[in-house]
Amino acid sequence: MPLVINAGVPGHNVADCLQRLDADVLAHRPTLVTVAIGTNDAINSRNLTALADFRARYGELLRRLAGCQVLVVAPPAFHLPALLTRHRLEDYAGIPPGERLAQVRVVLAALAQEHGHPCLDLHPLVAGAGMVGEEPASWLRNTANSGVADGVHPTAAGARAIAVAVATAIAAHRLDPARTVCLGDSITNGQYLAGAGTATGETWPAWLARILGA
């Protein structure tokens, strides 16, 4: 049965993930690493990364994962009105968060191709399904389904949708999930969900473990 390890830490950007790569990822000797970072770099005004720095650091991260199979996972969509209840637009240095995220997604697709890894872009998955907004059925936490204006972190249903997409990509690209480490930020961590920081409960690594083990 495949082993899935949740290595998501809330608030982390690419520099943070690079710093803990040895202890949190390589120490587990993974066959597969899902790298789901970029949200904080793009839309967390307190932990932004300049695009050139993001590209350089992410490229270094991929070079250090050279002995593993890698699935590059680009960030999902977010709900701007909810985001701006916690972050000021003027803190984005003239580049709106939506534009920043779009730039990050382009960089991730290019880096994945450059290093020979598949890339799964979660943005169209969430936005295309119409699951961003204030409706109770939204895949992102909001006042209707969670009592908070969040707009970034997934609900249990959103986490499950991410896991299904990741599992589908693993199968499509014939990746080996025997020992899978899910490197990421609060979205991978499952912050605010049951089992946060683990591969149990309602986090997307937990859903992934169940799908892979079925």
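Read-outs throughout are calculated quantities, based only on the coordinates presented, and are distinct from any laboratory measurement. All of these numbers come straight from a predicted model, not from anything done at the bench. With ideal geometry, Cβ positions are generated from the backbone for all residues, glycine too; neighbour counts draw on all protein chains shown.
Whole-Hz Karplus values for region 116-123 come out as x, 10, x, 10, 10, 9, 7, 4 Hz, taken residue by residue from phi with 6.51 cos²θ - 1.76 cosθ + 1.60 and θ = phi - 60°; glycine and proline positions read x. A helix-only calculation puts the chain at -12000 deg cm²/dmol for mean residue ellipticity at 222 nm, using -39500 (n - 2.57) for each DSSP H run of at least four residues, averaged over all residues. Spin-label model, Arg29 to Thr168: label points 7 Å out along the Cα-to-beta-carbon direction sit 3.4 nm apart.
For region 110-152, the equivalent ellipsoid built from the Cα gyration tensor has semi-axes of 30, 10, 6 Å, listed from largest to smallest.
Counted residue by residue at 0.36 nm each, then reduced by the alpha carbon distance between them, the extension gain from Gln113 to Leu51 reaches 20.6 nm.
Of Ser138, Ser146, Ser186, the sequence from fewest to most neighbouring Cβ atoms within 10 angstrom is Ser146, Ser186, Ser138. In terms of its C-alpha gyration tensor, region 73-144 has an oblate overall shape, because the principal axis ratio a/c (a ≥ b ≥ c, square roots of the eigenvalues) is not below 1.5 and a/b does not outweigh b/c.
In what sequence do Trp139, Trp207 fall when counting other Cβ within 10 Å, fewest first?
Listing Trp139, Trp207 from fewest to most nearby Cβ atoms yields Trp207, Trp139.
Calculation over all alpha carbon pairs of the chain in 10 angstrom steps from 0 returns a P(r) of 9, 38, 39, 14, 1 percent. Over all pairs of different C-alpha atoms in region 1-69, the reciprocal of the mean inverse distance, the Kirkwood hydrodynamic radius, equals 12.7 Å.
For region 41-75 versus region 83-109, the inter-centroid distance based on Cα atoms is 15 Å. In percent, rounded to a whole number, the relative contact order of the chain is 34, using alpha-carbon pairs under 8 Å and six or more apart. Given their separation in residues at 0.36 nm each and the Cα-Cα distance between them, Ala66 and Leu3 gain 20.7 nm when the chain is fully extended. Placing a pseudo-label 7 Å from each Cα along the Cα-to-Cβ vector at His87 and Gln19 gives an inter-label distance of 1.9 nm. Based on the Cβ-Cβ distance from Val106 to Ala127, what FRET efficiency comes out when R0 is 25 Å, to the nearest 0.05? Calculated transfer efficiency: 0.95.
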